[in-house]
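J.: Sharing a structure below in structure tokens format, with a few things to ask.
The values are calculated or read from the model by the stated rules, or taken from the named source; none is laboratory data. Predicted model only: the values in this text are computed from it and were never measured. Every residue, glycine among them, receives a Cβ derived from its backbone with ideal geometry; neighbour counts consider all protein chains shown.
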Amino acid sequence: MQETFYTIPGCPVRIALVSDLHERPYGAVLASLEKQRPDLICVTGDFFYGCLPKSGVKAKEAGVLPFFAACAALAPCFVSLGNHEWMIQPEDFALINGTGAKILDNSFTSCDIAGARLVIGGLTSGRVTACTRLQRASFRLLDANRYTRKAKSVPLLSWLNDYCLAPGYHILLCHHPEYYPRYLKGHDIPLILSGHAHGGQIRVFGQGLFAPDQGIFPRLTSGVRDDRLVISRGLANRQRVPRLFNPTEIVYVSGGRPEPQAKK
């Protein structure tokens, strides 16, 4: 796992961006967090792997509760939902929030961290939102998942205007980087944190070859765009295609000088 450091002008706190854990072992992630001691930990979705739990409560079987508890013990920890959280249920929310981490499901909160007033929002994957609506319409969970995999799922955007009007420095957790040009670029949000693309799986000369929801030669797989969209290559691989020339990473974002890059 690589530690990657980015500078975003005006960012008042030091942030750890954790994405796409997919229920994998997290010892190296916690070791990095303990070493770097960020002011804020942001988990931008796909902490689950998208299979139905035997118990009906995914958080009990996924092994993520100790991870979230350890994160919350180090720094304020906020979580958004990625497409692999399509099966999340109310009891999962309660268990994860009970660790001290806070899920932001198409919602935002204001808080003071390291002397800065922050407005932190979480834009839920459109697939999760669609699955939830279908369940309320008496679809079984598995049927809802199959339907949303085939249909184009649009995120819920109606709350973003209120979010942008709240006073403070705005940080948006948004699992899907491809949402940025479609839905977010016109909003006054100085920092957007994302993942999902897994770095493009295979990277050649800095270019990823394929990403979900972006296809061949995707544009948004890693790095910083427009000095405000930060894309993590993620912490695991759940694709049939192996990762090549594409190390997993935990990302650190701050407003100061860039930290020295860790060796690959």
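J.: State whether the residues of segment 38-49 include one that is outside any loop (DSSP other than H, G, I, E, B), in contact with a strand residue (DSSP E or B) (Cβ under 7 Å, 6 or more places away or on another chain) and farther than 30 Å from GLN135 by Cβ.
T.: Yes: segment 38-49 contains one or more residues that are outside any loop (DSSP other than H, G, I, E, B), in contact with a strand residue (DSSP E or B) (Cβ under 7 Å, 6 or more places away or on another chain) and farther than 30 Å from GLN135 by Cβ.
J.: Could you list, in sequence order, the residues of segment 111-131 that are under 20 Å from the mean Cα position of the chain (by Cα) and exposed (fewer than 15 other Cβ atoms within 10 Å of the Cβ)?
T.: Residue satisfying the conditions is CYS111 alone.
J.: Conditions: (1) polar (S, T, N, Q); (2) closer than 22 Å to HIS198 by Cβ; (3) buried (at least 20 other Cβ atoms within 10 Å of the Cβ). GLN2 meets all but one. Number of the miss?
T.: Among (1) polar (S, T, N, Q); (2) closer than 22 Å to HIS198 by Cβ; (3) buried (at least 20 other Cβ atoms within 10 Å of the Cβ), GLN2 violates only (3).
J.: State all residues of segment 12-58 that are hydrophobic (A, V, I, L, M, F, W, C), surrounded by 20 or more Cβ atoms within 10 Å (Cβ to Cβ) and more than 26 Å from LEU142 (Cβ to Cβ); if no residue qualifies, say none.
T.: VAL13, ILE15, ALA16, LEU17, VAL18, VAL29, LEU33, LEU40, ILE41, CYS42 - these are the residues of segment 12-58 that are hydrophobic (A, V, I, L, M, F, W, C), surrounded by 20 or more Cβ atoms within 10 Å (Cβ to Cβ) and more than 26 Å from LEU142 (Cβ to Cβ).
J.: Can you say whether LEU17 is in contact (Cβ under 8 Å) with a residue 12 or more places away in the chain, more than 16 Å from GLU249 (Cβ to Cβ) and in contact with a strand residue (DSSP E or B) (Cβ under 7 Å, 6 or more places away or on another chain), as far as the supplied structure shows?
T.: Spelling it out, it is not the case that LEU17 is in contact (Cβ under 8 Å) with a residue 12 or more places away in the chain, more than 16 Å from GLU249 (Cβ to Cβ) and in contact with a strand residue (DSSP E or B) (Cβ under 7 Å, 6 or more places away or on another chain).
J.: Counting residues that are under 18 Å from PHE48 (Cα atoms) and touching a residue at least 24 places away in the same chain (Cβ under 8 Å), which strands (runs of 3 or more DSSP E) fully inside segment 74-176 reach at least 2?
T.: Correct list: 77-80, 116-123, 169-174.
J.: Okay, moving on. Tell me the residue from LEU65, LEU134 that is touching a helix residue (DSSP H, G or I) at 6+ places or on another chain (Cβ under 9 Å) and either at pLDDT 95 or above or buried (at least 20 other Cβ atoms within 10 Å of the Cβ) (or both), please.
T.: After applying the criteria, what remains is LEU65.
J.: What is the number of the single condition among (1) more than 25 Å from PHE5 (Cα to Cα); (2) free of Cβ contacts under 8 Å to residues at least 60 places away in the same chain that ASP226 does not meet?
T.: Answer for ASP226: the failing condition is (1).
J.: Given (1) hydrophobic (A, V, I, L, M, F, W, C); (2) touching a strand residue (DSSP E or B) at 6+ places or on another chain (Cβ under 9 Å); (3) assigned to a loop (DSSP other than H, G, I, E, B), identify the lone condition not met by VAL251.
T.: It is condition (3) that VAL251 fails.
J.: Return only the number of the condition from (1) in contact (Cβ under 8 Å) with a residue 24 or more places away in the chain; (2) in a loop (DSSP other than H, G, I, E, B); (3) surrounded by 14 or more Cβ atoms within 10 Å (Cβ to Cβ) that GLY199 does not satisfy.
T.: (2)
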